[in-house]
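Some notes on the structure that comes next.
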Amino acid sequence: MKRLLSFLPVLAILASCQSEQEVKRQQYVSEGLEVYKKHCSNCHQPDGKGMAKLYPPLADSDYLTAANRNAVLCGIRYGFHAPLTVNGQVYRQSMPANPQLKPLDVAVLMTFLSSKFGKDPAITEVADVEKALADCRQP
Ligand code: HEC
């Protein structure tokens, strides 16, 4: 019993770290939603379903996956250059760049996108964004 009790503080610390991450995640998701509404939902629509053959969906998109995360981060910042195939449909219009978005804006936005539309709850950190953008920097 005594031994068991000595574990409790460790468990409490683990639990509080986990909930700190969860609080941060929720904060990123709600800030990301604001960035989305301001810069993205005009085209991709508030529900992420896109618009006909003009704007591809983000909800259940086979492009918006964890494996493609760096490509998505680069596309958000520097634009996507058509054609792009999403869920079997070819999109022929390019997407404009977003030079006004800071790495933190892109991090909260990506956390929102992957948790809301991509079914991947992982937090995208500012450092992840900076690294991805450094690798695809364009003039
Ligand atoms: C002016 C309309 C427009 C706006 C605004 C816009 N997009 Fe796009 N987006 C497009 C188009 C068009 C494509 C397809 C580009 C291509 O074919 O190369 C695209 C492609 C994408 C893709 C990859 C394909 C997919 O559906 O998974 C992602 C992810 C994406 N956009 C996210 C965003 C995010 C996040 C924002 C806000 C910062 C945004 N877009 C703002 C038009 C737009």
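Bear in mind that the values in this text are calculations on the coordinates, not laboratory data. Since the structure is predicted, the reported quantities are computational estimates derived from the model, not experimental observations. Cβ: placed from backbone, ideal geometry, glycine included. Neighbour counts: every protein chain shown.
A Gaussian network model of the chain, with springs between Cα atoms under 10 Å, assigns the largest mean-square fluctuation among SER30, SER16, SER94 to SER16. Cross-link reach is defined here as a Cα-Cα straight distance under 15 Å, omitting same-chain residues fewer than 8 places apart; for LYS119 the aspartates and glutamates meeting it are ASP47, ASP60, ASP62. Each of VAL129, VAL35 was scored by other Cβ atoms within 10 Å of its Cβ. Listed from fewest to most, they are VAL35, VAL129. For the chain, the Cβ-based charge dipole about the Cα centre amounts to some 60 debye (Lys, Arg positive; Asp, Glu negative; other atoms uncharged).
Taking the chain as a Gaussian network, where each spring joins two C-alpha atoms under 10 Å apart, which residue of PRO83, PRO103, PRO121 fluctuates the most? The residue with the greatest mean-square fluctuation here is PRO83. Across the chain, the relative contact order, built from alpha-carbon pairs under 8 Å that are at least six residues apart, equals 26 percent.
Under the √(5λ) rule applied to the eigenvalues of the Cα gyration tensor, what semi-axes describe the equivalent ellipsoid of the chain? Give them in Å, descending. Write down the numbers at each step before the final one.
Values: eigenvalues 246, 52, 35 Å².
So the equivalent ellipsoid measures 35, 16, 13 Å along its semi-axes.
Absence of a disulfide-compatible partner, taken as no other cysteine beta carbon within less than 4.7 angstrom, is noted in the chain for CYS17, CYS40, CYS43.
Summing +1 for each Lys or Arg and -1 for each Asp or Glu among the other residues whose beta-carbon sits under 14 angstrom from that of SER16 gives -1.
The lysines whose alpha-carbon is closer than 17 Å to the alpha-carbon of LYS116, local same-chain residues fewer than 8 away aside, are LYS24, LYS37, LYS38, LYS49. Each of the peptides 4-14, 46-56, 63-73 was scored by the mean count of other Cβ atoms within 10 Å over its residues; in descending order, highest first, they stand as 63-73, 46-56, 4-14. Projecting the Cα positions of ALA134, LEU4, LEU104 onto the charge dipole of segment 2-135 (unit charges on Cβ atoms of Lys, Arg, Asp and Glu, taken about the Cα centre) puts LEU4 furthest along the positive direction. Stokes-Einstein diffusion of segment 30-107 at 37 °C, 0.692 mPa s viscosity, Kirkwood radius from Cα pairs, rounded to a whole number: 255 µm²/s.
For the chain, the longest principal axis of the Cα atoms and the long axis of helix 2-39 meet at an angle of about 20 degrees.
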